[in-house]
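The values are calculated or read from the model by the stated rules, or taken from the named source; none is laboratory data. Note that the coordinates shown come from a computational prediction; the quantities given were computed from them, not determined experimentally. In this analysis, Cβ positions are derived from the backbone assuming ideal geometry, glycine residues included, and neighbour counts consider all displayed protein chains. Accessible surface is based on the protein model in full, side chains and every heavy atom, while ligands, DNA and RNA are left aside. Shrake-Rupley method; radii C 1.70, N 1.55, O 1.52, S 1.80 Å.
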Amino acid sequence: YELFAGNPSTFTPISDVPVSSDYVLGPGDSLKVNLFDKESQFYELVIDTEGKVYLPELGPLNLAGLSFSEAKIKISKTINQKMIGVKASVSMGELRSIRVFVLGEAYLPGSYVISSLSTMTNALVLSGGISTNGSLRNIQLKRKGELIQSLDLYDLLLNGDTSNDAQLKSGDVVFIPPVGPLVSIDGEVRRPAIYELASKLGDNENAERLVAYAGGLKASAYPKLAQIERIGENDLRTVVNFDLNVQGKKTVLKGGDMLMIPAVLEEVERAVTVQGHVYREGLKAWHPGIRLTD
C-alpha cells in the first residue's frame, strides 16, 4: 500500500519523453516535421479533433489511430510523391492529455487528467494509492463497460512483472474492488505478514504458494510440523498440522487462516558437553565407542 501512496510526480510521466514506435496517435498529439531541400523548413503539426493534420501545400492528412511509425511512413511517402527532391524528418512533439477515472477503494477516487503514456499504476499513484480496504490482486481496467485488463500487483511487487500494466486511453476507468480473503503467515519465514488470496487462482492458493509470497523458509525452519489455525465449520477455531514439504501443494488455504512455521529445536543431538577445568569447554561430537579420555 505504501508504494503507491505519496508524491504523484514520482510516477507521472512527463510530456517530452521518447515514445515507442507503436504509440497510437490521437487528437492533441503534435508532430515535428523538418523538410530538407535547398532551404530547410520546419512545421509543428497538431492533430485536430477530426484526427487530421494540415501540411502547407499538401493539404490534410488523417493520422489519428495510426502508430507513430506508420504516421512517419505516411508523411514521408506523401512528401516524396508531391514534393520532388524534398526529404522529410518526422519526430514526436508534445503529447496529448487524457482524462481517466479512478474509482472504488482508491485513496482519492475521482477524475484525473494524465499523460497519454500513463498506465494503470500511474493512475493509482496519481489518486494517492489504494486504501487498506482495497484489493492488490485484482485492479481492473474497464473501457466502455467492458473489462479490458486485470492487474495483479503481487506480480509487480514480488516478481517485477509489468506485463499486465496496460496503457490507458481517454475515458478509461481504473476500478479497485474491495480486498479479497486474507491469510497470515508467521514463524521461520523471511517476510511474515498478512497476504491477500487471489480469487483467479482458485485452488492453487495453497500453503506452498503462501510461503513463496513470504520469501521462502529460513534455514532454521522445521516445515514437517507446519500448523494452520483456522475457523472451522462450527465457527470454532481448529488447528491442522501437516508436513509442508509433502502436503504444501495439497493444503488449500481459506480466508482467515494463520500459517505457522516452527523452528528446529535448540537441543543438539549426538553430542556430549565438556565443562570445568579444560582449555576448550563446550559440545563435542559423540560417536559409538568414544571414551572419557578421548
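Which condition number in (1) surrounded by fewer than 12 Cβ atoms within 10 Å (Cβ to Cβ); (2) at pLDDT 95 or above is the one that Met260 fails?
All conditions are met except number (1).
Restricting the search to segment 96-112, which residues are small (Gly, Ala, Ser) and surrounded by 15 or more Cβ atoms within 10 Å (Cβ to Cβ)?
Gly104, Ala106
Return the residue satisfying two criteria in turn: it lies in segment 40-60 and is at pLDDT 85 or above and within 20 Å of Gly85 (Cβ to Cβ), and of such residues it is least open to solvent (accessible area, probe 1.4 Å).
Top of the filtered list is Tyr43.
Across segment 233-292, what is the number of residues that are out of contact with any strand residue (DSSP E or B) (no Cβ under 8 Å at 6 or more places or on another chain), outside any loop (DSSP other than H, G, I, E, B) and of a type in the set (S, T, N, Q)?
2
Is it the case that some residue within segment 17-39 is modelled with pLDDT under 90, open to solvent by 80 Å² or more (accessible area, probe 1.4 Å), touching a strand residue (DSSP E or B) at 6+ places or on another chain (Cβ under 8 Å) and not charged (D, E, K, R)?
Looking for residues that are modelled with pLDDT under 90, open to solvent by 80 Å² or more (accessible area, probe 1.4 Å), touching a strand residue (DSSP E or B) at 6+ places or on another chain (Cβ under 8 Å) and not charged (D, E, K, R), one finds at least one in segment 17-39, hence yes.
Answer yes or no: is there a residue in segment 83-95 that is without any contact (Cβ under 8 Å) to a residue 24 or more places away in the chain, open to solvent by 40 Å² or more (accessible area, probe 1.4 Å) and under 42 Å from the mean Cα position of the chain (by Cα).
no
I'd like the full set of residues that are of a type in the set (Phe, Trp, Tyr) and either at pLDDT below 80 or surrounded by 14 or more Cβ atoms within 10 Å (Cβ to Cβ) (or both), limited to segment 1-16.
Once the filter is applied, which keeps residues that are of a type in the set (Phe, Trp, Tyr) and either at pLDDT below 80 or surrounded by 14 or more Cβ atoms within 10 Å (Cβ to Cβ) (or both), segment 1-16 yields Phe4, Phe11.
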